[in-house]
Structure formats: structure tokens, C-alpha cells
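Student: The structure follows.
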Amino acid sequence: MPIKRIGILVGGGPAPGTNGVIAAIALEAIKVGATPIGFHDGFTWLAQRYTDEQHELTVDEVSRIHLDGGTILGTSRTDVARDRPSLENAVAALNKLGIEALAAIGGDDLVRSAVAIERETRGAIKVVLIPKSIDNDLWMPLPVVTLGYETARHVAVKLIESLMEDARTTGRWYLCVTMGRPTGHLTLGIGKAVSAPCTIIPEEFHGDTISLSDICDVVEGAIIKRRAMGRSHGVVLLSEALVERFNPDEVAELQDVDRDAQGNIRVTEIDLGRKVKNDVQVRLEQRGIKVTIVDKTIGYELRCAAPIPYDAEYARDLGYAAVNHLLTGGSGAMITIQGGDFQSIPFSEIVELCLIRFGGRFSYAA
């Protein structure tokens, strides 16, 4: 039987290209005679069994949004897999609205919810996941990246270029904490592209924990080495994901730091740049070295940027592939483009990989 109503929702943090996916899904759905329903604010209202926070998407509404940043539907980190009532409410609301298929656009924050809906309905509601994340932290087959990553990297490189010129002009150092959790993928991608003097990511460190002194050792060494080369300026990129590997006994703020809907530390609550700056300045002063260090956080500037052509095209391809997969009977899969071809990855494989990553904590309220 043909699908008559396709739901579309966005979860997790914003990422460039999201509107392009929404547009492509809606336009393709309308083309084949299905009705695209856009849900507002991710699973927020569905988790409460509300059915009013949605609307039918039209050609006029979506035809030119693919080059816009942000998302016309809003987003949230609400996880319907967190407890049984939320999951049951979401399924009941979707059934009431006659949703036969659901296209979920998101990253690691949305995987559990997408899997839970598909399994709870035993496939009665077909579900596909379109991977988007500026962090590029969702498992993807190499060298495929998540939607939004390339735009975020592009925008960040421009910002870092300006800071590098300011550092050269003023003879100072910038410590830039860049967004990305729980990996250092975005930070490394930025650092390699802009050729930053020093880039530090958690993957470089062995063991379960990273100490503040370990990071300061690297920064201090980079500054001293640059001075020996006749350069008294530079930029250091620090991945915010480093904070997740800190020992709570060392950094007291971790004891009471806020956490998001998935229980992850809100790493922006930990002022990593300031801590490293203060420690390194003390160390350098003890060596008789006077240097001006400025700490800066770069992250929110990247999430709602207008997509570069790469992501604009990528988004439309993913949206088309998602609808095509659903219309041909597919479900329970993440949509990818590999070598120019549309390929789906079953949720079972994604769950297995997430189990490895989260140490057996990947589950939903069955």
C-alpha cells in the first residue's frame, strides 16, 4: 500500500543543511501523492501526546528554504526512549495523526528515539534516520561525514583565520575551545584545514581520564617552541570534548554541572579555555615569559549557518533518498550516500555500534 502521510521531525542541535532535507522530503512526498507533516520542536510535544504542534508542509513553504540556516520546524533533545510513558505517548500521537512513515533528522541524540519508535510499532510506522551533526560524531562508514559538518568547518576556518591574523598583528595567543561532543572530529577538521599551530583533541590521550595539567603541558610547550622559532603569537584549538574525560575530583565544577536530556555533561558549563589560560600564564610567568593569552569559545556561531553548496546538495540527496527508501518498503535504517549511491544502514547495526560506544548503556524503555 502507498504511504499517505509522512512525518518529519528534527532532533539534537541545529546543523546547516537541515532545511534542505526537510524541503527535499516534503517536495518528493507531494510529488508522489503523500502528505508531508512537519512536527514542531522534535519529539517535545509528541512525548506529551500533543497532536496540535504540527502542520502540513506545502510547496510554497519549502521550495526555497534549502539555502537557509536553522530549521523551520525547530528542534529539541527530547528522547522518547528515556521512559515508557514518553514512548507510548509519542506512538499514540503519531497513530492518531495517521502517520505511516517518519523521517527523523538528527545525530546521536536522536538514534535511540528513532529505533524505539520503529521497534515499538513493529514496523507499522516506517522510520528512517537522516544523519546530521556539525560534530560528525555519529558512526558513519568512512569517508562519509554527517550533514552540516563541512559547513560548520568552513565557517569555523574563516573565524580562526581572522583570529590568527589578529594574533600575528597583536603578538598574542588565542585559546579557542571549539564545539564537538564527545569526539574531537570537528576540532581536528578545523585545525587541519586552517593549519593551526596547535590542535588538541581527546583522542590523543591514552587512558580513561585526562588531567588539566596534561593539556597545559601541550599548550605551554607549543608557546615555548613557537618563541624559539621567532614567533611570539599563535592559536590553539581545544576540543570541548576534552572536558568529558576530566576527573571529577580534579575539576569541582563537574560535580554539579548541568546535563542534557540524554544525561550528557553540558560541556559549555565548564570554562575550559579560562582554566587552561590561567594555568599556562602562571607557568610561563615562572619561566620569566610574558605573553597575552585570550580564551574564546567557538560553536554556536556554526550551527545555524547557511549551508555551503556541498551541504546544500548533500541535504537534498539525503531527503530524496529517505522518501525513496520508505516508498519502496524500507524502514528501520539510517540513510547514507556512499560513492554517489544511496545506501541504507539497518538500525540493528547502528545499535550494535552505539552499544560499543556507550558501554552497554544504549537502550530504550521497552
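Values quoted throughout were computed directly from the atomic coordinates according to the rules given, and no laboratory measurement underlies them. Computed from a predicted model, the values in this text were never measured in an experiment. Cβ coordinates were reconstructed from backbone atoms using ideal geometry, including for glycine residues, and neighbour counts include every protein chain displayed.
Student: Tabulate in residue order the Karplus-calculated ³J(HN,Hα) for the stretch 180-193, using 6.51 cos²θ - 1.76 cosθ + 1.60 with θ = phi - 60°, rounded to whole Hz; enter x for Gly and Pro.
Tutor: With coefficients 6.51, -1.76 and 1.60, one gets x, 9, x, 9, x, 4, 5, 4, 5, x, 5, x, 5, 5 Hz.
Student: Among Val144, Val157, Thr178, which residue has its Cα furthest toward the positive end of the charge dipole of the stretch 143-191, with +1 on Lys/Arg Cβ and -1 on Asp/Glu Cβ?
Tutor: Thr178
Student: Turning to a different aspect of this structure: For a quick check of your reading of the filter: which trypsin sites (Lys or Arg not before Pro) in the stretch 47-78 sit in a DSSP loop and have no more than 16 other Cβ atoms within 10 Å?
Tutor: On the way: sites: Arg49, Arg64, Arg77; in loops: Arg49, Arg64, Arg77.
Of the trypsin sites (Lys or Arg not before Pro), the ones in loops of the stretch 47-78 whose Cβ has at most 16 other Cβ atoms within 10 Å are Arg49, Arg64.
Student: Now, a different point. Under a GNM of the chain (C-alpha, springs under 10 Å), which listed residue has the highest mean-square fluctuation: Met229, Met334, Met140?
Tutor: Checking each option, the largest mean-square fluctuation is seen for Met229.
Student: Once every Cα of the chain carries one equal point scatterer and solvent is ignored, give the base-10 log of I(q)/I(0) from the Debye formula at q = 0.11, 0.13, 0.14 Å⁻¹, two decimals.
Tutor: For the requested q values the scattering log ratios are -0.76, -0.99, -1.10.
Student: Next question. What residues qualify as long-range amide H neighbours of Phe246, i.e. H under 5 Å apart, gap of 5 or more or another chain, H built at 1.01 Å from N?
Tutor: Ile210
Student: Under 16 Å between alpha carbons, and skipping anything fewer than 8 positions from Lys192 in its own chain: which lysines qualify?
Tutor: Result set, ordered by chain and number: Lys158.
Student: Please list, ordered by chain and number, the residues whose modelled amide H lies under 5 Å from the amide H of Ile337; skip anything fewer than 5 residues away on the same chain.
Tutor: Gln343
Student: Apply the Karplus curve 6.51 cos²θ - 1.76 cosθ + 1.60, θ = phi - 60°, to the phi angles in the stretch 293-309 and return the couplings in whole Hz, x for Gly and Pro.
Tutor: Per-residue couplings from phi come out as 10, 10, 9, 8, 9, 10, x, 5, 5, 8, 6, 10, 5, 5, x, 6, x Hz.
Student: Based on the mean of other beta carbon atoms within 10 Å per residue, what is the order of 311-320, 53-62, most packed first? Don't skip to the end; give the middle numbers.
Tutor: Numbers: 311-320: 22.6, 53-62: 15.6.
Descending mean neighbour count gives 311-320, 53-62.
Student: So, counting K/R as plus one and D/E as minus one, what does the shell of residues with Cβ under 11 Å around Leu147 add up to? Don't skip to the end; give the middle numbers.
Tutor: Working: positive: Lys132, Arg316; negative: Glu150, Asp311, Glu313, Asp317.
For residues surrounding Leu147, the net value is -2.
Student: Moving on to the next point. Quick one: helix 84-96 against the long Cα principal axis of the chain, what's the angle to the nearest 10°, folded into 0 to 90?
Tutor: Computed tilt is about 50 degrees.
Student: At a Cα cut-off below 20 Å, give the lysines reachable from Lys126, other chains included and same-chain residues fewer than 8 away excluded.
Tutor: Counting by Cα, and skipping residues close in sequence, Lys126 has these lysines nearby: Lys4, Lys31, Lys96.
Student: Taking the Cα centre of the chain as origin and charging only Cβ (+1 Lys, Arg; -1 Asp, Glu), how large is the dipole, in debye to the nearest 20?
Tutor: Numbers: 38 positive and 48 negative charges, 108 e Å.
With only Lys, Arg, Asp and Glu charged at Cβ, the dipole is about 520 debye.
Student: If you rank Lys296, Lys132 by fewest surrounding Cβ atoms within 10 Å, what's the result?
Tutor: Lys296, Lys132
Student: Out of all DSSP beta bridges in the chain, what portion is antiparallel? Express it as a percent rounded to 5. Could you put the intermediate results ahead of the total?
Tutor: Numbers: 10 of 45 bridges.
Here the antiparallel bridges make up roughly 20 percent for the chain.
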